[in-house]
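Before any comments, here is the structure.
Just so it is clear, none of the values below were taken in a lab; they were calculated from the coordinates. Given the structure is predicted, the values throughout are model-derived calculations rather than measurements. Ideal geometry is used to build each Cβ from the backbone, glycine not excepted, and the neighbour counts take in all protein chains shown.
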Amino acid sequence: MLTRRASEQSIIRKHEEALHQGYQRWPTLDFGLPPAMGDDRWPAELILATWFQAETGRPPANGLEYRVGRSGGGFDALDFRFLPPEQQLAASEPVDTVIPLNRRPGDRAIEIPIPWYGGGMSFGSVSEQIMLARAKAAREWRTFTSTGEGGYPESLVPYRDHVITQIATGMFGVREETIQWAPIVEFKYAQGAKPGLGGHLLGDKATVAVARMRESVPWVSLFSPFPFHSVYSVEDHKKHIDWVRTINPDALVSVKVSTPTDIDMVAVGSYYAGAHIIHIDGGYGGTGAAPEIAKKNIAMPIELALPRVHRFLAQEGIRDEVVIMASGGIRTANDIAKAIALGADGCVLGTTELVALGCTRCGNCERGRGCPFGLTTTDPELSQLVDPDWGAERLSRLYASFQAQLRDILRRLGLRSVRELRGRADLLVYRKPGDPDEQADSIGSG
Amino acid sequence: MVADRQPRYRRYRIEIRPAPDLVRLPPRFRVEVKKHRLISLVLKELIHYRANLPVVLSRPCVYGVFSRPIGGLAPKEELCVGCLRCTVQYPEVVQIYPNPERERLGDSYLGPACVDTLLYEARTGHVPVRGAGYRGPFGGAGWDGMWTDMSEIVRPTRDGIHGREFISTAVDIGEKPALLAFDEQGQPVGTLPKVITLQVPFLFDRPPPSARSRRLLEILTRAAREIDTLAMVPIDLAIRFELAGPSVVPVVGEETWRWLGQLNWLPRMIALEGWDRERVAELRRRLPESIHCARVPMESDVLELLRQGARVVHLTADYHGRRNGRFVMDLIRQAHQRLVDAGVREEVTLIGSGGIVMAEHVPKAIICGLDAVALDTALWVALQARFAGECRDPETALVSFPRLEPAWGVQRLKNLAASWRDQLLEVLGAMGLREVRRLRGELGRCMWQAELEREAFAEVAGYCADA
């Protein structure tokens with residue numbers, strides 16, 4: 001028995017080591033680009049460049065494209081209008097990347113030193129090891145990660161000052177203490193990958209441990225209903241927020257919504273209901289299982305929703321009283337900066353973190369035992385392929401690279417703080433795909 | 001005491017059953033293993049792990065590609081899902097390539113990814129579900145430049161999709177006068193509504209001349225009957241192959257007009273190629289109880305057709321969704337809007353075909369203004385048809401089928417219809433609509449890429465609305 005277990009451990013270690021070597025070797029381009037890797041949103045180069053950043057803490061200098069994908073629109077068609085070199089800030093000048101997560105007077109002031117935090121990925125959709133890696137990285141960077149809708153594993157409790165508790169329509173794993181622990185509580189009304197459809201955990205991933213956490217039945221598919229059955233109006237929504245604030249008066253409240261045509265009205269309603277953060281999740285992101293029809297066709301991409309919300313809140317005179325966090329297709333430091341220029345305060349990362357941890361975006365998260373890289377799986381053997389400390393280091397190095405790139409962008413735009421970039425769409429330039437100047441003037445060129 | 005009578009209500013559902021592909025597809029990926037390097041790796045590991053065979057022989061693939069006794073020396077390519085774990089771990093030993101044979105499936109409009117999706121739907125009847133977000137282009141021409149809306153908090157909910165509430169996908173095809181008139185006794189006078197209610201907003205269009213085999217037409221009509229929709233069949237073939245019944249719509253044209261006299265059963269609907277007042281009058285005289293449908297090019301003036309008496313109009317485009325250089329999306333909107341502006345939209349049923357090849361195209365076409373769509377190439381791909389070159393012109397397209405087995409073919413089409421209906425329910429549920437009839441022409445519940453970009457990038461230098 002002991003020998004068998006030792007063998008199993010040896011097998012896991014063998015593959016873990018080989019994978020780690022692979023994550024280092026592929027970005028060197030010694031083997032070229034993997035021919036079957038990547039897609040328009042995440043071309044192979046971007047995946048390898050993210051691996052490189054997670055490995056080294058800096059962007060690649062061997063020509064790997066690390067700023068944009070090739071989707072032909074949105075962030076991939078936007079670039080920055082940098083100042084002439086003589087007007088840019090010197091490299092020695094400090095540039096501030098801090099953003100506040102609350103702008104309402106009287107409530108708890110929380111700032112994060114980088115304008116992003118980790119998005120909700122539930123226990124069940126990802127392994128506990130992944131949740132732990134993200135929480136460790138969040139603590140190191142004094143930012144946050146989110147539980148997603150799958151409960152709050154005990155192992156996360158030591159990191160609770162950096163963990164957002166998500167309450168979604170299925171209320172899976174939501175307990176009074178998990179709300180009391182949380183500095184931020186996130187209501188998930190909808191998510192970009194499946195707007196208007198609710199969450200979906202396939203039966204194969206609802207293991208005994210996952211079911212226990214969610215207080216459900218093992219091996220039975222779990223659908224989060226859509227929408228909250230207790231919310232049919234902004235007034236009902238306020239009731240939700242009051243309920244959380246009664247349980248935890250210090251908590252900030254984030255409201256995660258998707259991007260319908262009236263997203264501006266949704267944002268205003270959320271603000272008046274008392275939300276501190278409006279988290280807008282565009283249609284092109286998402287890490288979990290989603291019907292293909294929903295991913296591509298329902299609700300608008302984040303790039304098009306942000307300016308609408310930003311302008312409308314500004315017209316209403318409340319833009320400086322609420323924080324907008326953007327997600328749903330934020331892949332790179334460039335994307336973060338562009339989202340902020342389009343009107344967000346900061347961004348929420350999901351897929352990017354998984355890619356840093358080794359995701360190849362093969363899309364087989366829901367097949368059989370789950371992710372073969374040990375990321376989006378609850379398989380006891382596969383999930384051991386990711387050691388939480390190793391994962392946290394990779395995420396930390398990715399964050400470091402992103403922060404350095406963001407500072408560089410700000411310097412070249414002549415801005416001393418990321419907060420000055422918010423809503424500065426005039427600092428962007430639209431380049432038609434195929435334009436010879438495309439991204440030519442961006443950071444890292446030359 | 002009298003026992004309750006058995007309720008007659010039967011909730012509509014399409015029975016799905018696995019219907020595996022008849023023709024084996026080329027695998028999605030090619031697995032190229034450098035055998036000498038693999039042997040060298042195994043030898044190295046034998047030493048490193050001190051001949052601990054379970055460790056040495058443990059393979060990176062969790063899908064069984066290397067599960068033969070000789071592992072990577074003879075990979076099972078058909079099991080490869082392209083996760084790339086093997087090549088990530090051992091880049092010098094194994095490479096995974098997209099299979100170029102697979103890339104050749106379909107044509108320039110209905111590409112290999114569409115073929116994959118359609119085959120999955122026809123095989124399983126399920127909604128395609130995948131992880132890791134969207135992976136395609138940002139937007140694009142045609143249907144890709146349009147997104148449907150969702151609602152954060154309204155009912156009906158997703159529960160509707162899973163059985164606790166009901167979302168209707170039924171549509172009415174037929175003649176509907178704007179107003180009913182009544183005589184002094186309160187009895188209706190004048191034209192009365194004459195409609196067929198279909199449980200799904202899609203019909204089956206007739207196949208191109210190159211593929212009008214008896215067996216295919218039998219499959220189409222039988223599947224249409226079991227789904228409770230309609231299949232269009234050239235009248236001469238309907239008569240020769242003895243295809244009759246409530247789901248068969250004979251299509252009659254100039255060349256086949258003479259066959260009309262041999263039609264010995266009463267179709268619920270009959271379609272006329274083109275618009276010809278005399279022929280329409282003749283159809284009305286001979287088949288007064290049937291619904292008469294005019295099959296005309298998509299750019300036709302539907303208002304003028306209405307004035308001349310048409311009440312059901314089938315707007316047609318080529319299989320790539322084009323007519324005279326314009327895409328069907330614009331042409332449908334134009335036709336719908338013209339009728340709305342004239343205040344007569346409710347009096348006409350608009351059916352459209354051409355370029356509707358994926359599940360999402362159905363709600364999008366309905367939003368643009370159709371009452372129902374007629375499916376073409378997607379059906380044939382579900383039956384594992386192959387196109388010879390571009391499958392574009394309905395008269396000359398060359399489509400070949402494998403040897404079709406009727407029960408298999410019917411099940412494939414039922415599976416496809418079930419999957420598309422479920423996807424339609426997802427879209428309706430996300431919007432908070434209880435019935436697909438309410439989706440027609442709801443342009444306020446969709447978003448156009450061009451309009452959103454114009455608004456979002458107004459302050460962005462270099463953005464040109466016409467770009």
Query - Added length on full extension, which subtracts the Cα-Cα distance from 0.36 nm per residue, A:Glu316 to A:Glu111 - result: 71.3 nm
Query raised in the report: Out of residues 5 or more away from B:His314 or on other chains, whose amide H comes under 5 Å of its own, with H placed 1.01 Å from N in the peptide plane?
Result: B:Ala294, B:Arg295, B:Val296, B:Ile351
Report summary line: For B:Arg215 and A:Glu154, extending 7 Å from Cα along the Cα-Cβ vector and measuring point to point gives, in nm, a value of 6.3 nm
Requested in this report: Sticking with the crude label model, points 7 Å out along Cα→Cβ, report the distance from A:Asn62 to B:Asp301 in nm, one decimal please.
Outcome: 6.7 nm
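For peptide A:280-292, what's the mean number of Cβ atoms from other chains within 10 Å of each residue's Cβ? Please report the intermediate quantities before stating the final value.
Numbers: counts 0, 0, 1, 5, 5, 3, 4, 3, 5, 4, 7, 11, 14.
If you average over the peptide's residues, the count of other-chain Cβ atoms is 5.
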Report summary line: Taking a straight Cα-to-Cα line shorter than 19 Å from B:Lys76, and setting aside same-chain lysines fewer than 8 residues away, one finds B:Lys34, B:Lys35
Report task. Arrange the peptides B:260-269, A:352-361 so that the one whose residues have, on average, the most other Cβ atoms within 10 Å appears first. Result -> A:352-361, B:260-269
Query - Nearest-20 debye value, chain A charge dipole, Cβ charges on Lys, Arg, Asp, Glu - result: 220 debye
Requested in this report: Compute the convex hull volume of the Cα atoms of segment A:303-350, divide it by the residue count, and report the result per residue in Å³ as a whole number.
Outcome: 58 Å³
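If I require 15 Å or longer along the helix axis, counting alpha carbons, and a Kyte-Doolittle average no lower than 0.0, what helices from chain B are left? Use full DSSP H segments.
Values: long enough: B:35-48 (19 Å, 0.39); B:112-124 (18 Å, 0.16); B:214-227 (19 Å, -0.12); B:328-341 (19 Å, -0.14); B:406-431 (37 Å, 0.04).
The qualifying helices are B:35-48, B:112-124, B:406-431.
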Report summary line: Sorting A:Gly269, A:Gln21, A:Gly282 by the position of each Cα along the dipole of chain A (Lys, Arg +1; Asp, Glu -1; all at Cβ), the one nearest the positive end of that ordering is A:Gln21
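Which helices pass in chain A if a helix is a full DSSP H run, must span at least 27 angstrom along its long axis by Cα, and must have mean Kyte-Doolittle hydropathy not below -1.0?
Working: long enough: A:2-25 (34 Å, -1.38); A:388-413 (37 Å, -0.54).
Long hydrophobic helices here: A:388-413.
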Requested in this report: Using a 10 Å cut-off on Cβ atoms, rank the peptides A:311-317, B:291-297 from the highest mean neighbour count down.
Outcome: B:291-297, A:311-317
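GluC sites (Glu not before Pro), restricted to segment B:345-395: which are DSSP loop and have at most 13 other Cβ atoms within 10 Å?
Values: sites: B:Glu346, B:Glu347, B:Glu360, B:Glu390, B:Glu395; in loops: B:Glu360, B:Glu390, B:Glu395.
For GluC sites (Glu not before Pro) across segment B:345-395 that sit outside H, G, I, E and B with at most 13 neighbouring Cβ atoms in 10 Å, the list reads B:Glu395.
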Query raised in the report: Over all residues in A:189-195, what is the mean tally of Cβ atoms on other chains that come within 10 Å of each residue's Cβ?
Result: 4
Report task. Name the residues whose placed amide hydrogens come within less than 5 Å of the amide hydrogen of A:Leu197, ignoring near sequence neighbours (fewer than 5 apart) on the same chain. Result -> A:Gln191
Report task. Specify whether the C-alpha gyration tensor of segment B:158-451 places it in the rounded, prolate or oblate class, a ≥ b ≥ c being the square roots of the eigenvalues: rounded for a/c under 1.5, otherwise prolate if a/b is larger than b/c and oblate if not. Result -> rounded
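Stokes-Einstein at 25 °C, 0.890 mPa s, Kirkwood radius from Cα pairs: D for chain A in µm² s⁻¹?
For the chosen part, D equals 112 µm²/s.
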Query raised in the report: Hey, with R₀ at 51 Å, roughly what FRET efficiency would B:Leu180 and A:Thr246 work out to, going by the Cβ-Cβ distance, to 0.05?
Result: 0.35
Query raised in the report: For the protein assembly as shown, with equal point scatterers placed on the C-alpha atoms only and solvent neglected, what are the log10 I(q)/I(0) values from the Debye formula at q = 0.08, 0.09 1/Å, to two decimals?
Result: -0.78, -0.97
Query raised in the report: Which percent, to the nearest 5, of DSSP beta bridges fully inside chain A are antiparallel?
Result: 20 percent
Query - Label-point gap, in nm, between B:Lys76 and A:Gln21 - each point 7 angstrom along Cα→Cβ - result: 2.7 nm
Query raised in the report: What order do you get for A:369-377, A:18-26, B:442-450, B:200-208 when each peptide is scored by the mean count of other beta carbon atoms within 10 Å, highest first?
Result: A:369-377, B:200-208, A:18-26, B:442-450
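Please work out the FRET efficiency for the pair A:Arg416 and B:Glu459, using the Cβ-Cβ distance as r and a Förster radius of 22 Å; give the result to the nearest 0.05.
On the way: r = 22 Å, r/R0 = 0.99.
For R0 = 22 Å, the calculated efficiency reads 0.50.
Please compute the average number of Cβ atoms from other chains found within 10 Å of each residue's Cβ in peptide B:43-55. Could you put the intermediate results ahead of the total?
Values: counts 0, 0, 1, 0, 0, 1, 4, 0, 0, 6, 1, 6, 10.
For this peptide, the per-residue mean of nearby foreign Cβ atoms is 2.
Please list the three semi-axes, largest first and in whole Å, of the ellipsoid equivalent to segment B:29-98, using sqrt of 5 times the eigenvalues of its alpha carbon gyration tensor.
Details: eigenvalues 84, 30, 21 Å².
Semi-axes, largest first: 21, 12, 10 Å.
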**Report entry** Calculated diffusion of segment A:147-275, Stokes-Einstein form, Kirkwood radius summed over Cα pairs, 37 °C and 0.692 mPa s, µm²/s
**Finding:** 216 µm²/s
**Report entry** Computed [θ] at 222 nm, helices only, for chain A once each DSSP H run of length n ≥ 4 contributes -39500 (n - 2.57)
**Finding:** -10500 deg cm²/dmol
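How about segment A:357-402: which GluC sites (Glu not before Pro) there are in a DSSP loop, with at most 14 other Cβ atoms within 10 Å of their Cβ? Display every interim value, and only then the final one.
On the way: sites: A:Glu366, A:Glu381, A:Glu393; in loops: A:Glu366, A:Glu381.
Taking segment A:357-402 and a limit of 14 other Cβ atoms within 10 Å, the loop GluC sites (Glu not before Pro) found are A:Glu381.
Set the Förster distance to 41 Å, then compute FRET efficiency between A:Lys432 and A:Arg5 from the Cβ-Cβ distance, nearest 0.05. Can you show the working numbers first?
Working: r = 59 Å, r/R0 = 1.43.
After rounding, the FRET efficiency stands at 0.10.
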